[in-house]
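S.K.: This is the structure I have questions about; it appears just below.
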Amino acid sequence: MLKVNYNFYWQLSYRLAEPRFLKAGTELQAVAIFDNSRANVHNPDPDAEVTWGDQTYNEMMVGFFDIAVAPGIDKGQFFERAH
């Protein structure tokens with residue numbers, strides 16, 4: 001659906017040019033790969049252990065998405081999972 005080449009200065013959100021309509025039951029995954037190697041010219045210390053955290057020297061990837069629900073739909077029912 002969306003493939004992003006990460007840029008530190010453009011990281012808050014990525015928007016599709018056109019909305020995508022998804023079928024009921026569609027599952028979304030956020031997958032990220034980061035390069036902590038010496039080949040990465042933006043990596044200040046390839047020997048450093050990188051863990052998740054909320055600082056720029058940490059791995060900060062968080063996958064999230066927004067949805068739009070038609071005004072006439074019961075929001076409680078819309079978000080309720082079938083068993």
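S.K.: Looking only at the range 30-48, count how many residues are open to solvent by 80 Å² or more (accessible area, probe 1.4 Å) and more than 22 Å from Lys3 (Cα to Cα).
M.R.: Summing the residues that are open to solvent by 80 Å² or more (accessible area, probe 1.4 Å) and more than 22 Å from Lys3 (Cα to Cα) in the range 30-48 gives 3.
S.K.: Provide a single number: the residues in the range 9-64 that are over 13 Å from the mean Cα position of the chain (by Cα) and closer than 24 Å to Glu80 by Cα.
M.R.: Here the count works out to 9.
S.K.: Moving on. When the range 14-32 is examined, which residues are found to be of a type in the set (Lys, Arg) and farther than 21 Å from Val62 by Cα?
M.R.: Once the filter is applied, which keeps residues that are of a type in the set (Lys, Arg) and farther than 21 Å from Val62 by Cα, the range 14-32 yields only Lys23.
S.K.: Could you tell me how many of the residues in the range 49-83 are open to solvent by 80 Å² or more (accessible area, probe 1.4 Å), outside any loop (DSSP other than H, G, I, E, B) and under 30 Å from Ser37 (Cα atoms)?
M.R.: So the answer is 1.
The values are calculated or read from the model by the stated rules, or taken from the named source; none is laboratory data. Everything numeric here is computed off the predicted structure, so don't read it as measured data. These area figures cover heavy atoms from the full protein model, side chains too; ligands, DNA and RNA do not enter into them. Shrake-Rupley method; radii C 1.70, N 1.55, O 1.52, S 1.80 Å.
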